[in-house]
Amino acid sequence: MAPTRVKKFVTKDLTVRAAAVNATAVVEEMRSIQNSYPVPTVAVGRSMVASLLMAAHLKNNQELSIYIQGSGPLASVFAQASFEGKVRGVSSSPQLEVPVATDKILLAPAIGIGLITVTHHLPNSHTPHRGTVELASSEIGDDVAYYLQQSHQIPSVVSLGVHVNSYGKVEAAGGVLIELMPGHEESTALKIEERVKKARPVSNRLLEGATAEDLVRDLLQDFELIELDHEHDVEYKCRCSKERVMRSVGLLGLAELDEMIEKQETTDVSCEFCGRQYKLSVDDLKEVRQDVYKESLN
Ligand SMILES: [Zn+2]
């Protein structure tokens, strides 16, 4: 498959900006690495698409993550993307089975009520910018739009779509983000609203062969558009390391670590995002234990 990119546009008067992507390949890659079931696949997929679209408006070397915490059985969903199009995602239960009544997968019953946190990481800075709002619908698109309104006073349209076939494979994944910038005319908002009402679901459009640019033009056909350069291929990429994996093993707690050390065996740990295998020796585990113990004293 040809590499895919986030397409970015602004209207000629610069009061509306748009980003869209066909992310089918990276969402399917996530699904196949994690062997995730339909509902977690759709939840992580939509979050990956939203993070890619928002990250495309950042600057070089900046990243953005979306973290959803809900009261439902799919307790958390996380996705992270960089300006350069590197994306990854995971949920708390990739193999969660939720009965799906219709053709259309609804996330609200799985996620429940809760919070969405968007974190903007700047390079060389230890204090990322973080904003949290309540979930509006738990379908992710509306939740991101609500976050943009509440935290940045930006009215937006966030249409996300992930379609899985009867074998659970991702056949279409993508989305479009339209943002109304300060100084926009009221008539601009009304025109977009009308187009949104008539628009068909993103996943259907992608299955029909629509491109990222088509998704933007569906909603902004009343405006003259200027395409902005964004020369970065979208790629499923994890930057896990042995250190990070050791830190996550530390979360198991002292009792569990002691049990592992007692066995005197090398422990295999795989990264939940990308499946990469790490071997932790007994000495590694002892080091983790020491760190956890030190922290427990603080
Ligand atoms: Zn990884």
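Side notes on the structure shown:
- Residue count for segment 246-272, restricted to those that are open to solvent by 60 Å² or more (accessible area, probe 1.4 Å), more than 16 Å from the ligand (Cβ to nearest atom) and in a helix (DSSP H, G or I): 4.
- One residue from G168, G161 being under 23 Å from the mean Cα position of the chain (by Cα), surrounded by fewer than 22 Cβ atoms within 10 Å (Cβ to Cβ) and not aliphatic (A, V, I, L, M): G168
- Residue match in segment 222-242 (condition: part of a helix (DSSP H, G or I) and crowded, with 16+ Cβ neighbours inside 10 Å): no
- Residues that are within 16 Å of the ligand (Cβ to nearest atom) and aromatic (F, W, Y), drawn from segment 69-122: F78
- From the list I178, I154, I140, I116, the lone residue that is aliphatic (A, V, I, L, M), at pLDDT 95 or above, touching a helix residue (DSSP H, G or I) at 6+ places or on another chain (Cβ under 6 Å) and on the phi > 0 side of the Ramachandran plot is I140.
Listed here are the residues, each with its yes/no results for (1) within 26 Å of F223 (Cα to Cα); (2) open to solvent by less than 20 Å² (accessible area, probe 1.4 Å); (3) part of a loop (DSSP other than H, G, I, E, B).
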residue: V133; (1), (2), (3): no, yes, no
residue: L148; (1), (2), (3): yes, yes, no
residue: A173; (1), (2), (3): yes, yes, no
residue: L190; (1), (2), (3): yes, no, no
residue: V196; (1), (2), (3): yes, no, no
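- The single condition from (1) within 30 Å of H184 (Cβ to Cβ); (2) open to solvent by less than 50 Å² (accessible area, probe 1.4 Å) that V77 fails is (1).
- Of the set (1) farther than 14 Å from I116 by Cβ; (2) more than 9 Å from the chain's Cα centre (by Cα); (3) assigned to a strand (DSSP E or B), all apply to L58 but (3).
- Within segment 273-286, considering residues that are assigned to a strand (DSSP E or B) and of a type outside the set (A, V, I, L, M, F, W, C), the one surrounded by the most Cβ atoms within 10 Å (Cβ to Cβ): Y278
- Positions within segment 1-27 being open to solvent by 60 Å² or more (accessible area, probe 1.4 Å) and part of a loop (DSSP other than H, G, I, E, B), in sequence order: M1, A2, P3, K12, D13, L14
- Taking the criterion of being away from the ligand (no atom under 16 Å from the Cβ) and under 30 Å from Q80 (Cα atoms), the residues of segment 273-289 that qualify are S281, D284, L285, E287, V288, R289.
- Reported count of residues in segment 90-114, each being in contact with a Ser or Thr (Cβ under 7 Å, 6 or more places away or on another chain), buried (at least 16 other Cβ atoms within 10 Å of the Cβ) and of a type outside the set (S, T, N, Q), is 5.
- Restricting attention to segment 181-214, the residues that are under 22 Å from the mean Cα position of the chain (by Cα) and closer than 17 Å to K12 by Cβ total 1.
Quick grid of which residues meet (1) farther than 20 Å from Y147 by Cα; (2) of a type in the set (G, A, S):
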{"site": "S71", "(1), (2)": "no, yes"}
{"site": "A75", "(1), (2)": "no, yes"}
{"site": "Q80", "(1), (2)": "no, no"}
{"site": "G85", "(1), (2)": "yes, yes"}
{"site": "V98", "(1), (2)": "yes, no"}
{"site": "G112", "(1), (2)": "no, yes"}
{"site": "H121", "(1), (2)": "no, no"}
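- Of the strands (runs of 3 or more DSSP E) lying entirely inside segment 61-128, those containing at least 3 residues that are of a type in the set (A, V, I, L, M) are 63-70, 76-82, 114-121.
- A count restricted to segment 237-267 and to residues that are in contact (Cβ under 8 Å) with a residue 12 or more places away in the chain and either touching a strand residue (DSSP E or B) at 6+ places or on another chain (Cβ under 6 Å) or among the aliphatic types (A, V, I, L, M) (or both) stands at 12.
The values are calculated or read from the model by the stated rules, or taken from the named source; none is laboratory data. Bear in mind that the values here come from a model prediction, so they are computed numbers and not experimental data. All Cβ positions, glycine included, derive from the backbone under ideal geometry; neighbour counts span all protein chains shown. Side chains are part of the model used for accessible areas, which takes the heavy atoms of the whole protein and leaves out ligands, DNA and RNA. Shrake-Rupley method; radii C 1.70, N 1.55, O 1.52, S 1.80 Å.
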